[in-house]
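The values are calculated or read from the model by the stated rules, or taken from the named source; none is laboratory data. As the structure is a prediction and not an experimental result, all values here were calculated from the model. Glycine also receives a Cβ, built like all others from the backbone with ideal geometry; neighbour counts cover every protein chain displayed.
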Amino acid sequence: MRLRTNYTVGDVPHSEHPRPQAMRENWLCLNGKWDFYKTDSLDNRSNAGVIIVPFSPETENSGIAEGFVLRSGEKLVYSRKMNLTSALLQGRTVLHFDAVDSECEVFVNGAKAGGHKGGFTPFELDITSLVKEGENELTLTCVDDGTRNSGARGKQSDLRGGIWYTPQSGIWQSVWLESMPKTYIKDLRITPSAEEKIVTICSDSDGEEQEIVVYDGEKEILREKYVDEVTLRYDFLLWSPEQPKLYDFVVTNSAGDCVRSYFGVRSFGKTLDKNGVARLTLNGKPYFFNGVLDQGYWSDGMLTYPCDEAAVDELRLLKDMGFNTVRKHIKIEPMRWYYHCDRLGLIVWQDFVNGGGEYKFTHVALQPFLGFKHRDDDYAYFAREDMQGRIEFMQMVDEILDGLYNCVSVGVWVPFNEGWGQFDSAGVTEYVRSKDDTRIIDSVSGWHDQGVGKTELLSMHTYYTPLRVPKDERPVVLSEFGGYSMKCGGHVFDESKEFGYKKFKTQEKLTAALRKLYEKKLLPLIKKGLCGCIYTQVSDVEEEINGLVTYDRKIVKVPVDVMADLSAKLYAEMEEIR
């Protein structure tokens with residue numbers, strides 16, 4: 001089977017509204033053609049030309065020359081004109097950058113508007129005093145030592161290979177602008193409760209009265225006035241992957257600001273089943289989370305998928321295969337990606353982005369494989385000596401929790417993965433819980449489990465050893481397993497290299513191995529307490545070719561109906577327990 005790959009990037013890529021949960025009428029997409037060049041430490045220019053935003057210069061879709069590399073001491077310079085009408089110059093004009101890797105400064109009409117450090121999270125700047133009606137100039141300068149310092153870098157590495165990928169830099173998510181009255185609606189926070197069938201909406205409008213109108217399709221079902229907070233009570237249908245029910249709503253204030261959004265009513269939690277075994281729940285009932293690991297890398301755009309439609313097609317493929325969960329691995333996606341998970345019905349286990357110094361193979365792979373765990377207040381062991389890097393990580397934690405809090409599909413936070421830059425995980429987990437007590441926390445996914453007060457998950461990564469469910473008072477999840485690889489000639493990053501945990505030559509052999517893995521090894525573990533499983537992975541990435549689809553998304557390696565059948569067997573097993 002093949003995915004559709006004739007996607008058109010266009011002159012203004014990713015032109016849809018970037019924030020489906022906070023839409024205003026007066027906004028402007030600033031993606032598309034920007035003037036661009038690179039400078040070295042002596043201010044010599046190179047790679048001058050036009051870049052297509054929001055694609056990093058290292059990517060094919062950016063239009064920049066092949067082989068582009070940003071080295072330490074070099075700087076990227078972006079600029080473009082923007083024509084602003086009176087509708088975009090109301091009381092406040094706000095400029096948004098959804099991701100810039102990794103440190104940038106922004107100038108509007110020659111004046112500094114602000115900046116940001118951290119390559120994976122969005123930021124906004126109030127540019128009201130800097131803009132005028134008509135033509136304005138927007139400039140961004142960017143440096144990226146994210147692979148060389150202790151800041152967040154994800155899977156990027158200057159020494160790419162295996163599970164580490166080619167680094168990229170600069171703008172890699174949408175740039176846009178919106179305008180609203182001086183007194184506007186901000187800090188929208190949506191908290192549903194499936195048990196009570198209520199939704200609490202909080203929003204700040206500087207003490208002004210606000211009105212919320214809720215719709216079921218086109219039918220108005222609720223209308224309430226409030227100042228800072230309102231609790232909505234109704235016989236809401238509950239959201240689940242099997243029935244991803246969403247409700248639209250509109251909030252307006254007395255100053256005329258209007259925000260369109262949506263919510264779904266669901267709850268994630270834990271319980272004991274009839275045999276006293278710890279289980280994860282959705283909407284108060286034991287639920288089996290059957291997922292796939294998603295790196296979110298694309299052959300033509302790296303961290304940036306080519307267009308909205310491509311992301312939707314891939315998520316629909318996963319639904320067709322029977323998956324109900326996606327573990328978003330070491331990356332934060334654009335808000336539209338989470339919107340599509342919300343409306344299509346895919347639960348998201350959201351990783352935070354790792355940082356720190358150079359990881360030692362013995363510490364983050366070999367010793368855990370042999371069963372050794374290490375306390376994570378030993379900063380040197382986990383390459384976390386740099387205090388500034390730890391501070392930057394916690395700043396990113398706040399930005400992730402605030403930015404994704406309203407996403408219906410996000411059900412699990414994953415602060416650390418396999419000891420990569422892990423530190424003080426018990427304290428970090430407690431902090432995340434204090435900010436959001438509505439979701440599950442996979443404190444340490446894979447290695448170096450710290451126990452975390454026996455309150456969260458026992459999370460295992462198993463590739464080479466037999467699958468098992470240890471006795472534990474926490475719910476047990478297999479947060480990574482599988483990783484079976486099959487090389488598809490002509491559809492690989494490097495014909496001479498192949499990384500995978502178990503290799504197969506044909507689709508028939510790969511399919512047979514997956515049947516055995518799911519039916520003989522995984523399925524029996526559900527009754528023993530297994531609460532979820534995350535198969536590695538959605539797609540090949542560079543020379544890591546253990547995806548269900550190829551890196552170029554042109555070939556689906558495993559028959560869709562086979563994966564759907566295996567998924568159905570997992571759910572049937574869980575039904576017997578429920």
Original post:
Taking the stretch 418-444 only, how many residues are surrounded by fewer than 17 Cβ atoms within 10 Å (Cβ to Cβ), of a type in the set (S, T, N, Q) and part of a helix (DSSP H, G or I)?
Top reply: 1
Original post:
Of all the residues that make up the stretch 224-282, how many are of a type in the set (S, T, N, Q) and not in a strand (DSSP E or B)?
Top reply: 5
Original post:
When the stretch 63-105 is examined, which residues are found to be without any contact (Cβ under 8 Å) to a residue 24 or more places away in the chain and over 28 Å from the mean Cα position of the chain (by Cα)?
Top reply: 65
Original post:
Out of curiosity, is residue 241 in the same structural domain as residue 197 (by TED's automatic domain parsing), at pLDDT 95 or above and either in contact with a helix residue (DSSP H, G or I) (Cβ under 9 Å, 6 or more places away or on another chain) or closer than 21 Å to residue 483 by Cα (or both)?
Top reply: yes
Original post:
For the stretch 145-164, does any single residue satisfy the condition of being assigned to a strand (DSSP E or B), closer than 30 Å to residue 88 by Cβ, of a type outside the set (Phe, Trp, Tyr) and under 27 Å from the mean Cα position of the chain (by Cα)?
Top reply: no
Original post:
Mind checking which residues of the stretch 371-406 are part of a helix (DSSP H, G or I) and either more than 21 Å from residue 121 (Cα to Cα) or small (Gly, Ala, Ser) (or both)?
Top reply: 389, 403
Subject >> Condition check for residue 414: within 15 Å of residue 191 (Cβ to Cβ) and buried (at least 23 other Cβ atoms within 10 Å of the Cβ) >> reply: no
Original post:
Is the stretch 461-471 home to any residue that is of a type outside the set (Ser, Thr, Tyr), touching an Asp or Glu at 6+ places or on another chain (Cβ under 7 Å) and not in a loop (DSSP other than H, G, I, E, B)?
Top reply: yes
Original post:
Any residue in the stretch 358-366 that is in the same structural domain as residue 480 (by TED's automatic domain parsing), in contact with a helix residue (DSSP H, G or I) (Cβ under 7 Å, 6 or more places away or on another chain), modelled with pLDDT under 95 and buried (at least 21 other Cβ atoms within 10 Å of the Cβ)?
Top reply: no
**OP:** Spot the failing condition for residue 444; the list is (1) β-branched (Val, Ile, Thr); (2) modelled with pLDDT under 95; (3) within 24 Å of the chain's Cα centre (by Cα); (4) more than 29 Å from residue 150 (Cβ to Cβ), and only one is missed.
**Re:** (4)
**OP:** Please state which one of 551, 518, 484 is in the same structural domain as residue 298 (by TED's automatic domain parsing), crowded, with 16+ Cβ neighbours inside 10 Å and within 30 Å of residue 275 (Cα to Cα).
**Re:** 518
